[in-house]
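Working notes, beginning with the structure itself.
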Amino acid sequence: MDHRLLDRLRDLHGSLSTDITFVTRMVEDDVPRADVLRDLGERLTDLGAALLRRSEDVDAAVLAKLPADGWLPEAGEHHQALVVAHNVGARPLRCGRVYLAVCGAPCFPFYGRDPSGRTARHERCRTCGDRLFR
Ligand SMILES: [Zn+2]
């Protein structure tokens, strides 16, 4: 799926300079071409819609791996960091291997979906709590 999208992006990248040359000539010669504009617009719209659909799929896959309540232990090399849990909000932002909490702290999904509620044993970050329930 991602390879097909990547191919489509590369196709667009490859043809875009030709399109821009066409549009530039159109503007400079003051000879508007509805067909040129429509063709480019449709290609951009189709690809944009495919990218949005894929981003929704990726987001759903991310959400499926996290606890439903959104509380994750803070990431860190020190065991001290494990005592605090943060909330990653309804639409968590994944940055590499960590998820950013609403307060900006990096978090790891140590316990995955956490069905046994182990994250609940950590102290909850007040900043995250305040921002969530304001
Ligand atoms: Zn926090």
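With the full set of protein chains in place, find how many percent of the accessible area of the chain is carbon and sulfur; take the probe as 1.4 Å.
Using a 1.4 Å probe with all protein chains present, the chain comes out at 55 percent carbon and sulfur.
For the chain, the residue among Phe108, Thr24, Leu47 whose Cα projects farthest onto the positive side of the dipole built from Cβ charges is Phe108.
Each label was represented as a point 7 Å from its Cα along the Cα-to-Cβ direction; for Ser17 and Leu47 these points are 1.5 nm apart. For the chain, the dipole from Cβ point charges (+1 on Lys and Arg, -1 on Asp and Glu) about the Cα centre works out to 780 debye, to the nearest 20. Per residue, the solvent-accessible area of the chain (1.4 Å probe, heavy atoms of protein chains only, all protein chains present) comes to 71 Å².
The values are calculated or read from the model by the stated rules, or taken from the named source; none is laboratory data. Small disclaimer: the values here were computed from a predicted structure and weren't measured. Every residue, glycine as well, gets a Cβ built from its backbone with ideal geometry; the counts of neighbours run over all protein chains shown. Quick note on the areas: whole protein, heavy atoms, side chains included, nothing else; ligands and nucleic acids left out. Shrake-Rupley method; radii C 1.70, N 1.55, O 1.52, S 1.80 Å.
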